[in-house]
Amino acid sequence: MAQKRQFALLGTGFIGQVHAKNLAAHPDSELVMVADQDRARADEIATRYGARVGSVLDAINSDAIDSVLIATSRPSHAEFLTAAVAAGKAVY
């Protein structure tokens, strides 16, 4: 059995919530951390799926995370993608 991919979700708006549900339901992934500027929404999603809340930098720099799913607003995509790749993460 393959090891589950350990995901961080950046952004918990509408599309982030869709991705959170899909990550949590997928047998080969585990939603480990969520990050969002809206702390209350991040707390809600983390609680719902058994993840923890952290900052974007926590997620990108965590050794417990091997994959990052970016669901933030478009202007931040390039910055977060570049940082995650530089940290050796798989990025979607």
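The values are calculated or read from the model by the stated rules, or taken from the named source; none is laboratory data. All values reported here derive from a predicted model rather than from experimental measurement. Note that each Cβ is placed from the backbone with ideal geometry, even for glycine, and that neighbours are counted across all protein chains shown. Accessible surface areas use protein heavy atoms only, side chains included; no ligands, DNA or RNA. Shrake-Rupley method; radii C 1.70, N 1.55, O 1.52, S 1.80 Å.
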Q.
For the stretch 45-56, which positions are touching a residue at least 24 places away in the same chain (Cβ under 8 Å) and part of a helix (DSSP H, G or I)?
A. Ile45, Arg48, Tyr49, Val56
**Q.** Counted residues, the stretch 1-43 - those being of a type in the set (Gly, Ala, Ser), in contact (Cβ under 8 Å) with a residue 24 or more places away in the chain, outside any strand (DSSP E or B) and surrounded by fewer than 21 Cβ atoms within 10 Å (Cβ to Cβ)
**A.** 3
Q. Conditions: (1) at pLDDT below 95; (2) more than 15 Å from Phe7 (Cα to Cα). Tyr92 meets all but one. Number of the miss?
A. (2)
Q: Name every residue in the stretch 57-77 that is farther than 18 Å from Gly13 by Cα and not acidic (Asp, Glu), in order of residue number.
A: Leu57, Ile60, Asn61, Ser62, Ala64, Ile65, Ser67
**Q.** Those residues of the stretch 15-56 which are basic (Lys, Arg) and touching a Phe, Trp or Tyr at 6+ places or on another chain (Cβ under 9 Å), in sequence order
**A.** Lys21
Q) Within the stretch 44-57, can you find the residues that are among the β-branched types (Val, Ile, Thr) and either within 12 Å of the chain's Cα centre (by Cα) or open to solvent by less than 70 Å² (accessible area, probe 1.4 Å) (or both)? A) Ile45, Val53, Val56
Q) Which pairs do you get when a residue that is touching a residue at least 60 places away in the same chain (Cβ under 8 Å) and assigned to a strand (DSSP E or B), found in the stretch 79-92, comes within reach of a residue that is of a type outside the set (D, E, K, R) and open to solvent by less than 90 Å² (accessible area, probe 1.4 Å), reach meaning Cβ atoms under 7 angstrom, with the pair 6+ apart or on two chains? A) Ala90/Ser67
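When the residues of the stretch 58-81 are narrowed to those that are hydroxyl-bearing (Ser, Thr, Tyr) and modelled with pLDDT under 95, which ends up least open to solvent (accessible area, probe 1.4 Å)?
Ser76
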